[in-house]
Structures are given as C-alpha cells and as structure tokens.
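Heads up: the structure comes next, in structure tokens.
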Ligand code: S3P
C-alpha cells in the first residue's frame, strides 16, 4: 500500500498541462465502440478508471490501440456500430469506476445477450437502483445484490440494488423519465439506452448535471433535443466515429487551483482545462470566496470548451477568503470538488456551509464522513451534517497521519492540506490516486522545485 508524505511548502511554481477529463474519456470510449468506424481519442485520460472502461469494451469485442504523441495519450477505437458488440467471456470488471458501471449498463441494456458487471469493494457498495429502475421500464432485465439503502435514515427509501449486476438486454422501448436526483451518470445511462429504443427517449433532470454525453452525441451527429432541463434522443440512432479531443479535467485542476491559492508565493498556469459550464462550479466558489483565478483564451474543440487558468497566491492582506453557503443547483456543478473545497474552507474566515449534498455519502467513499474525519485530525473545525458539513475557519492545520479510505479525491485533498500544515502529513493508501490523476505526486514535486 502506497503512502504519500507531504511537508509544508512556501511556493508552488510552474505551467501544467492538466490530464484529460475522466468523464469525457469514458464517454469517448463508449460512444467510439458503438460508432461505425474509427474514433481517435486525443488526450485520453490514461487512468485506472478509464482503462477499466477500455478493458470492458475489449471484452465486448472492440479493438483499441494506445499511443503517445508528445505528452498526450491517443486511443484509436475500431467501432462496430450499435449492434456490433459480442457477448463477453465471463463478467466485466469496472474496478473502482462508478461512471463505467452506470453508463455501460445503458449500452448493455440494448444488446441481445446477457452480461454480468462487477467491480472492487467500493463499487459493490454503490447504489444501482437509480439505473435499474429506468432500464427495466425500458424493457431490459436487470438484477443485482439486494440490500438496505445506506441512506435510509435520510429517507432513502428502504431497499437498494448493489453490484454485481446482471443485465439481459434486448429490444428496448422509449420512456420519459424524471430523474429522482441530479445525476449525469443516470441521465447518460438512459440516453445511451435510448440510442437503441425505437422512438424518443426523454430525461427530465431536477437540476442541470454535467452534459458531456449530450455534447458528444451532438458532436457525433446524433439527433438530440434539449429544452430547459429536458433532454431527448431519437432511436435507433447510428453514427460515425470521429476524432474526439479531450480537454483537461477541471476536477483534477481543482486540487492545483486550491494549492496555488493557499501556498504562499505561488504562481501556477494550468493549461487546457475543461471549462464546460456544468463543471465550473469550483470557479464560482473560488470567486465568491474572494480568490483570484483568471480564465484565459477559452476555445471550443470537439464540442467542449477549454481554457488556461492562472492562479496566484491569495493576497491575504488585501482580500480575505470568506466562508460561503454552497447548496441547491450549485451542488451538481461541484459534486466532485467538495473534498478540496472543504480544505479551502478551513482557511476561510467564518462558516462555509455545504448542504443538499447527501449524494456525497455514496461516492467512492462516504465523502462527508471521510473528509471531515481526516481534516479534523489535522485540526480543522468541521461539523458533519446528514447532507453536508459546516466548516469554521480559519484554522491552522497540523501534519499527522491520515487515511484516504481508498478514495482518490480524499487522498489528493489531504495532500493539498499537507502543503499548508505545520510539520509532516502522512497520507496512507494513496494508490487510489491512479484512478483519476496518474502522476499527481511527481507533478507536485515538480511544482515545488
Ligand atoms: C460523473 C458524474 C457524477 C460525478 C462522477 C462522474 C459522470 O456523478 O460525481 O465522478 O462522468 O457522469 P453523478 O452523476 O452520479 O452525480
């Protein structure tokens, strides 16, 4: 098990090309596999989660080839069309990736064979009723391990379905589906299944969630409509493969943004960061807390905006970092950034209230619990709430031994906390960083030089 040791530092300096976006890399593999002909994914995120998606499709009979051009990873996928996948030998394994299992289920629901999908210990605790319900309404057979809803006391509804999942696909019918929560994974699962159903499949979201699937479908020429919070596709929808250029992942960039703001004398330029408005909640939070972050040279490639982001140390003497309330429609736009926002909030004056975020309890770890517990070990003042947390600041953090709980975003958030904590911070179990940000540790070292 890997351990990461971090000491307080007084400068981070450099220019960084942020690794490819995880959500977009997954979708590019999936849509590339069911497109007709070749798809080239430029700046693919070569992380464990995305490699798990590639591997699942290899087992479904899709050939892919990886190469490297300068610092970018390229993947060429030989798409076989909507009905070209073949029954895998044995179960598909998604590793730690919730996005893989939820999205691929939509595609497998449209196949004429049965598939079993499993994953690691964390995946076996992720709720799947949210996709089982719409997919069975569309006519797919989907079953899993039945269990109690871990959020039952918050009105989670009693029973749940957990992986391994078995999906027997077939002829699907279109549905109109009102999502019970703002979830891009569930929305995308239903839209992908909708590619196979004859007629219009409609998804209504309670609040906007990331729209990468919709953007990629439009980019690939699939007929697709959006009106307010309703999106729909018309199936059956076949389409041709294309080059998909993946921007850097703003969720990875967020760790460096916060590090650059909190470490004195820092000066960072983050290149090629995805700035899709459904993902830029972190920029809104930084701005409202009083931090200075500049977004430069925005351009749209392959249907997704990207820009450079410049971060300079907080001018504490002129501008204080202020606590704020984060809730409502802002939550889906910062859902993966809450652990690192919690670190930032320990340095803000007053209270930062995070609410309406009970989804955090069913991510790679129960992030409300794991990040609060570990930051408290470092001296932070945090109160756990059912649907969020209240962080009071500013507090001086001190280095100590902390745990990642096998959660990549918790591990990297604690590493950033370690950069401003007194003494040494030892983060245990950091292999998980590979799921979304390979090279994170080496990159930090480079920025310290
Ligand atoms: C993702 C959507 C989010 C996010 C996850 C990736 C995606 O989950 O937390 O890391 O790629 O669609 P939900 O849609 O379940 O909120």
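Brief remarks follow.
- Note on segment 33-143: enclosed strands (runs of 3 or more DSSP E) holding 2 or more residues that are farther than 26 Å from residue 197 by Cα and either assigned by TED's automatic domain parsing to the domain that holds residue 366 or away from the ligand (no atom under 16 Å from the Cβ) (or both) are 36-42, 64-69, 72-80.
- Test for residue 182: is it crowded, with 19+ Cβ neighbours inside 10 Å and either within 14 Å of the ligand (Cβ to nearest atom) or within 16 Å of residue 60 (Cβ to Cβ) (or both): yes
- Which listed residue is without any contact (Cβ under 8 Å) to a residue 12 or more places away in the chain and either outside the structural domain of residue 209 (by TED's automatic domain parsing) or more than 18 Å from the chain's Cα centre (by Cα) (or both), from 376, 401, 396, 369: 376
- Scanning segment 384-414 for residues that are under 20 Å from residue 359 (Cα atoms) and out of contact with any helix residue (DSSP H, G or I) (no Cβ under 8 Å at 6 or more places or on another chain) gives a single hit, 390.
- Residue match in segment 197-204 (condition: within 30 Å of residue 90 (Cα to Cα) and within 11 Å of the ligand (Cβ to nearest atom)): no
- Selection count, segment 380-389, where residues are touching a strand residue (DSSP E or B) at 6+ places or on another chain (Cβ under 6 Å) and farther than 21 Å from residue 362 by Cβ: 1
- Among the candidates 439, 350, 406, the residue that is in contact with a strand residue (DSSP E or B) (Cβ under 8 Å, 6 or more places away or on another chain) and at pLDDT 95 or above is uniquely 350.
The values are calculated or read from the model by the stated rules, or taken from the named source; none is laboratory data. In this text, all values refer to a predicted model and were calculated from it rather than measured experimentally. Virtual Cβ from ideal backbone geometry, glycine too; neighbours counted across all protein chains shown.
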